1. Can you tell me which of B:Thr201, B:Thr247 is at the interface with chain A (Cβ under 7 Å from one of its Cβ atoms) and among the β-branched types (Val, Ile, Thr)?
2. Being assigned to a loop (DSSP other than H, G, I, E, B) and crowded, with 20+ Cβ neighbours inside 10 Å is the requirement here; does A:Ala200 meet it?
3. If A:Asp195 satisfies all but one of (1) assigned to a helix (DSSP H, G or I); (2) more than 19 Å from the chain's Cα centre (by Cα); (3) under 23 Å from B:Arg203 (Cβ atoms), what's the number of the condition it fails?
4. Can you tell me which of (1) surrounded by fewer than 18 Cβ atoms within 10 Å (Cβ to Cβ); (2) under 24 Å from A:Ala169 (Cα atoms); (3) not acidic (Asp, Glu) is the one B:Pro144 doesn't meet?
5. Output yes when any residue across region A:203-223 is at the interface with another protein chain (Cβ under 9 Å from one of its Cβ atoms) and over 12 Å from the mean Cα position of the chain (by Cα), and no when none is.
6. Tally time: how many residues in region A:158-188 are assigned to a loop (DSSP other than H, G, I, E, B) and at the interface with another protein chain (Cβ under 8 Å from one of its Cβ atoms)?
7. Could you count how many residues in region A:102-139 are part of a loop (DSSP other than H, G, I, E, B) and within 12 Å of chain B (Cβ to nearest Cβ)?
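The values are calculated or read from the model by the stated rules, or taken from the named source; none is laboratory data. If you're wondering where the values come from, they're calculated on a predicted model, not measured in any experiment. Positions of Cβ are backbone-derived with ideal geometry, glycine not excepted, and every protein chain shown enters the neighbour counts.
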Amino acid sequence: MQRRSFFKVAGASVAASTLVLAGCSDDPEPTPVAENVLAFSGFNSTGQPIDDGILNYAYLLTQLEAAFYLKVVAAPPADLQPGELAYLTDLRDHELIHREYLKAILGSKAYDSSAAAPLEFTFTSFTLTTRAGVWAAAQQLEDIGAAAYNGAGKLLTVTANLLALAKIASVESRHAALAHEMVQADSFGATIGADGLDDAKTPTEVFVLIQPFVPIKLSAANLPTT
Amino acid sequence: MDILKLLADLAETPTDLTQLASRRAALDGLRRVGAKTIAAALPLSLAALPSQAGDTRTVLDSLQLAVRLEQLQNAFYSRALTSAAGFFPADANFRSSIVKMQAHQQQHVALLTRIISSSNGDTPTLPNYDFTGSKNNTQASLFPNVFSNFDEFLRLAQLLEDTSVRAYKAIVEFLVQDNYTLQTALQLHSTEARHAARIRTMRRLRGAVVKPWPSPTDADITIAGRTAVVYATEHATTQLLPAPANTPIPFRLLPIGSGANLLTQSVPEAFDEPLAAAEVELIMGLFTY
């Protein structure tokens, strides 16, 4: 939440402004003209830090997870254990609610608010025909989500937005712990490191991890780093 | 919450009196701003934050609350790990998870102590714990067999872990001036949420009706007037747009699907709610004397 260092980042924001999508409500598609880059911006036209970029980043993560569970629940693997489809259905519902929650908070600032169709994510790298494959994929996505929220909180400038994100962050961590238990009993703490701290990742680190699932190049260059 | 009750609770908190002088001194070293100042800069509506009304905690207050909660949990798991043979189930994964959680809580105490000390704050001294809730046999027990009945132990573990999640969620707003401390609190919050989910899945494996996240469908394990505060306001069926809008989000009208249970089950499950410091104190107070 420090505002001291935004000026140097603001320069980068202006230089890359042709690629900026967030808040450009007159863009008909979530695809900018210059290159196929989705670059959320955390600064307004005068270089002041705003939360739109980080909230859009969180929104994209919830879209990704919702799309994943929608796909899994629509065609669940045949070898699910009793109770597991109910878990996956709950996870789907939670992610759909998180997606619509962030979309509602963003309103017209949602990066795809005027897009003809939402992004279509690709999950071909996962094996979704077995319970082991589904839970391994869920573990991977939920761990990314939890670490992303842990790293995003400090990048917000408005306390109300921090509280909004914190309400869903711990539910993501609970999801992640469940997925770990489904993969391997007693592995709930696999991402917890020194000092007993769960993982935290920057938007740049998260974009590298989720790029394989997203059909457009992601850039965190215009997001705040402090 | 009831403001008079809040004030009464705060007045009864012994650390407020005994550590006032040292806290004043520490505040100079902390360079930090009280929540009142932040609230003035970024108006927070009472409608959005009913449980925080009137709460003017500082960074140090918040960290001291957190370390006391971690101390309590560390003592709780440490004591369980010394229980008589046969306390833990045959499946070694159960004890192994408790070993991991105790290690994490101990690490949390050490980390928070370092942060508080580096700001010239005092780490609270350890109180006496009685996890039966009998306050050293001066009143009826809440958990009489907590270290001999594993299911009873898990019930209290769940209440304490879920309390921690809610407590951290409530204190992050008092840490916004310091990125390092804020992120640390969010990472601690996340660890506690993983603990809570694991405790809940352990209970489920042993036949309890419970999900990894607080759900209105969970079998109630609280006692009215005592531990009920742990889930009071947790199963919110309405979420508001962040201040200054503060209008309810019309989930029913959004493309979410899910049938009749959307508002009564899925929405409450999808959000964890904060718990104000005064209520966290009430819960800790049940197990200290």
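1. Values: B:Thr247 fails: at the interface with chain A (Cβ under 7 Å from one of its Cβ atoms).
After applying the criteria, what remains is B:Thr201.
2. On the way: assigned to a loop (DSSP other than H, G, I, E, B): yes; crowded, with 20+ Cβ neighbours inside 10 Å: yes.
Here the answer is yes, as A:Ala200 does meet what is asked.
3. Here A:Asp195 meets the rest and fails (3).
4. (2)
5. So in region A:203-223, the residues at the interface with another protein chain (Cβ under 9 Å from one of its Cβ atoms) come out as none.
No: region A:203-223 contains no residue that is at the interface with another protein chain (Cβ under 9 Å from one of its Cβ atoms) and over 12 Å from the mean Cα position of the chain (by Cα).
6. The initial filter retains those residues of region A:158-188 that are assigned to a loop (DSSP other than H, G, I, E, B), namely A:158, A:184-188.
Filter once more, so that each one left must be at the interface with another protein chain (Cβ under 8 Å from one of its Cβ atoms): A:158, A:185-186, A:188.
Final tally of qualifying residues: 4.
7. Residues meeting the conditions: 1.
Residues are listed down the side, and each one gets a yes or a no for (1) of a type in the set (Gly, Ala, Ser); (2) out of contact with any Asp or Glu (no Cβ under 7 Å at 6 or more places or on another chain); (3) within 24 Å of B:Leu286 (Cβ to Cβ):
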{"position": "B:Val176", "(1), (2), (3)": "no, yes, no"}
{"position": "B:Asn179", "(1), (2), (3)": "no, yes, no"}
{"position": "B:Ser190", "(1), (2), (3)": "yes, no, no"}
{"position": "B:Thr222", "(1), (2), (3)": "no, yes, yes"}
